Amino acid sequence: MKNKITLLLLFIVTSVSAQLEKFEGFWYSSDTSYNVLITHNDYNNLLTIDSFSFENNSLVKESIKHITDNELTTISMSEDNWSLLIKYTVINDTIMKAALTGSVTTTLTYKKLFN
């Protein structure tokens, strides 16, 4: 019985880790000057999301609100008082959509540059 429970827990942890790794990478969009870097820490199984612009020389930290298989919802507050709820949806290995609501309402398409 202990072996079955251990195997089940191992499967769950591996499955969650694989889901998070879908988001991992450097994402860019031709619709905005902001790029998104999503990193996954295997040690503590956490994602970090940073939106930044070389053009505006700014960095926006995002706080994760909710994660599902293909969706990641974040809240961001920028230095210039922009407030956004962002819903990232992974379409495939190289395309991700971001639906922004708050200070602006729009949908952006991001392409993955590399993992």
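Each value in this text was obtained by applying a stated rule to the coordinates, not by laboratory testing. Predicted model, so just to flag it, every value in this text is computed and none were measured. Cβ sites come from the backbone with ideal geometry, for glycine too, and all protein chains shown count toward neighbours.
Here are the numbers for this structure:
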quantity	calculated
Spin-label proximity, PHE54 to the stretch 92-115 - amide N less than 19 Å from point 7 Å beyond Cα toward beta carbon	110-115
Cα-based reach from LYS65 at 18 Å (exclusive), listing aspartates and glutamates while leaving out same-chain residues under 8 positions away	GLU21, GLU24, ASP50
Residues LEU85 and THR32, FRET efficiency given R0 of 22 Å [Cβ-Cβ distance, rounded to 0.05]	0.85
In Hz, Karplus ³J(HN,Hα) per residue of the stretch 33-39 (6.51, -1.76, 1.60; θ = phi - 60°; x = Gly, Pro)	8, 8, 9, 10, 10, 10, 10
Distribution of pairwise C-alpha distances over the stretch 40-81, 5 Å bins, in %	6, 18, 24, 23, 15, 10, 3
